[in-house]
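Contents: one structure, followed by commentary.
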Amino acid sequence: MREIVLINITGEDRPGLTAAITGVLARGGVNILDIGQAVIHDTLSFGILVEIPGTGQASSVLKDLLFTGYELNQQVRFTPVSEDDYCNWVANQGKPRHIVTLLTRKVTAEQLQRVSSITARYGLNIDHIDRLSGRVALDTPAEQGKGCIEFSVRGEPADPQALRAEFLSVAQELNVDIAFQQDSLFRRNRRLAVFDMDSTLIEAEVIDELAKAAGVGEQVSEITERAMRGELDFRASFKERLALLKGLDVKVLDDIGASLRLTEGAETLFAELKRLGYKTAILSGGFTYFAKQLQAKLGIDYVFANELEVVDGKVTGVAIEPIVDAQRKADLLVELARKEGLQMEQTIAVGDGANDLPMLAIAGLGVAFRAKPLVRQSARQAISTLGLDGVLYLLGMRDREGA
């Protein structure tokens, strides 16, 4: 009569250990039903679920495993598993799976406790926990730290909206980001990433910088802030702000362009996306003049932004149609996906303002980046604590997989 046994092995990791253990099992004609191994700080945790063909054979195999474990200075523990329990376990493998991603400057026990408590409360079972971020030196300054823990969970929450709301509340309380997404074929198979520019790829709203140069900075900044919060229609507010720039010398654009700073993690993100074969695009309500500079610097494939009308070296206060507004961004995302032969599930969109919400909603992965509260609450995913390269963690990439 066959026996099903869960074998747990713990101890100091060393080369050849897995070969030695499976060698014992091989000599006993054992079938492997499941296997998993993890090493944390040179300490091995190794689990193997096996089917041993006969009861008499089982005692011999398990005795040999104990002896081998002793020789290798490993602790070996056996747990019998009934056929009914095994069959129930197999039946559960068809349940939906999701990924919960914790992003933070420094991982704490409280963060993990809060995330795991919420998943349990909504009936989700944690199958795996992985650290995607690299090892961090103990004296790393807090603002330079980068931590990411990924939970693979099984089950379907009864109220996904309530779950997301609770994750968002805890994220704001603990100053972390918590992403919740379906673990599907497309998660690591996306191929098009589009980005807003101002306050997303660069640490500024260019129209505000132009307004400062034109002497109308406070007036324009107030309108910009209200538009990004969703309090004003983007198209109307854009035209209103642009009209205030009438007469600005075009030479000012060069000075502002030279002073613009890339957002934290932008160069890393685009280098990795390019290495992975992604197509990238800027879809911006800002200006083509500055977007083209970013295109050259980051190797971006497509640029769609607003063209400033200039006459006799002066800004006229008018943009050349069509204006890239919220709906235009969403339409361009669909057009680019079609052009590249991709499904929408294979697309990523990243932005910070209310005019980015339509494209964030239709992308396979929509990320509100350092966004206003309304945008954070409306988007499916949000990153506020880390830089733009935090998007790579949502794709399941580990730091060690980078170039």
field: Nearest-0.05 FRET efficiency for LYS339 and VAL39, computed from C-beta distance (R0 51 Å)
entry: 0.70
task: Provide the per-residue ³J(HN,Hα) series for region 184-189, in order, calculated from phi with Karplus coefficients 6.51, -1.76, 1.60 and θ = phi - 60°, each as a whole number of Hz, with x at glycine and proline positions.
output: 10, 4, 7, 4, 10, 10
field: Correct choice for percent of Cα pairs over 41 Å apart that was computed from the model, options (i) 14; (ii) 21; (iii) 30
entry: (iii)
message: Can you give me the convex hull volume of the Cα atoms of region 201-282, divided per residue and expressed in Å³?
response: 123 Å³
task: Could you please state, rounded to a whole Å, how far the C-alpha centre of region 279-294 is from the C-alpha centre of region 130-190?
output: 29 Å
field: Nitroxide proxy distance, nm - points 7 Å out along Cα→Cβ at ARG380 and LYS95
entry: 2.2 nm
Local electrostatic count, ALA26, Cβ distance below 14 Å [Lys/Arg +1, Asp/Glu -1]: -1
Local electrostatic count, VAL310, Cβ distance below 14 Å [Lys/Arg +1, Asp/Glu -1]: -2
- request: Once you have a ≥ b ≥ c as the square roots of the Cα gyration tensor eigenvalues for region 2-92, tell me rounded if a/c is under 1.5, and otherwise prolate or oblate according to whether a/b is larger than b/c.
  value: oblate
- request: Work out the charge dipole of the chain with +1 on the Cβ of Lys and Arg and -1 on the Cβ of Asp and Glu about the Cα centre, then indicate which of LEU248, VAL318, ASN31 is farthest towards its positive end.
  value: ASN31
- line: Rounded to 0.05, the calculated FRET efficiency for the beta carbons of GLU225 and HIS128 at R₀ = 45 Å is 0.60
task: Once you have the Cα-Cα distance between ARG275 and ARG400, take 0.36 nm times their residue separation minus that, and quote the gain in nm to one decimal.
output: 43.6 nm
- prompt: What length, rounded to one decimal in nm, is gained on full extension from GLU203 through to ILE32, with 0.36 nm per residue of separation minus their alpha-carbon distance?
  reply: 56.3 nm
- line: Applied in sequence order to region 321-330, the curve 6.51 cos²θ - 1.76 cosθ + 1.60 (Karplus, θ = phi - 60°) yields integer Hz couplings, x standing for Gly and Pro, of 5, x, 7, 7, 10, 4, 5, 4, 4, 4
- request: Would you mind pulling out the separation of the Cα centroids of region 198-259 and region 68-97, in Å?
  value: 61 Å
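Pull up the DSSP beta bridges for the chain and report the antiparallel fraction as a percent, rounded to 5.
Among the beta bridges of the chain, antiparallel pairing accounts for roughly 75 percent.
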field: Listed peptides 330-341, 273-284, 68-79 by packing density, highest first (mean Cβ within 10 Å)
entry: 273-284, 330-341, 68-79
- prompt: In what sequence, highest mean first, do 89-98, 368-377 appear when ranked by Cβ atoms within 10 angstrom?
  reply: 368-377, 89-98
query: Extent of region 192-401 along each principal axis, from alpha carbon coordinates, in Å, largest to smallest?
result: 49, 33, 33
field: Förster-model FRET efficiency, 56 Å R0, VAL318 and ASP85, C-beta, rounded to 0.05
entry: 0.20
- prompt: Do the alpha carbons of any pairs in LYS251/LYS292; LYS239/LYS297; LYS212/LYS314 sit beyond 18 Å of each other, and which pairs?
  reply: LYS239/LYS297
Distance in nm between pseudo-label sites at SER169 and LEU66 (7 Å out along the Cβ direction from Cα): 5.2 nm
query: Put a dot 7 Å past each Cα toward the Cβ at GLU240 and GLN144; how far apart are the dots in nm?
result: 4.4 nm
query: From the residues PHE78, LEU102, SER221, which one has its Cα farthest along the dipole of the chain in the positive direction, the dipole being from +1 and -1 charges on Cβ of Lys/Arg and Asp/Glu about the Cα centre?
result: PHE78
message: Using the Cα centre of the chain as origin and beta-carbon charges of +1 (Lys, Arg) and -1 (Asp, Glu), tell me which of PRO157, ALA91, GLN293 is placed farthest towards the positive end of the dipole.
response: ALA91
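Every read-out reported here was derived from the displayed coordinates using simple, explicitly stated rules and does not represent laboratory data. This is a predicted model, so every value here is computed, not measured. We place every Cβ from the backbone using ideal geometry, glycine too, and count neighbours over all the protein chains shown.
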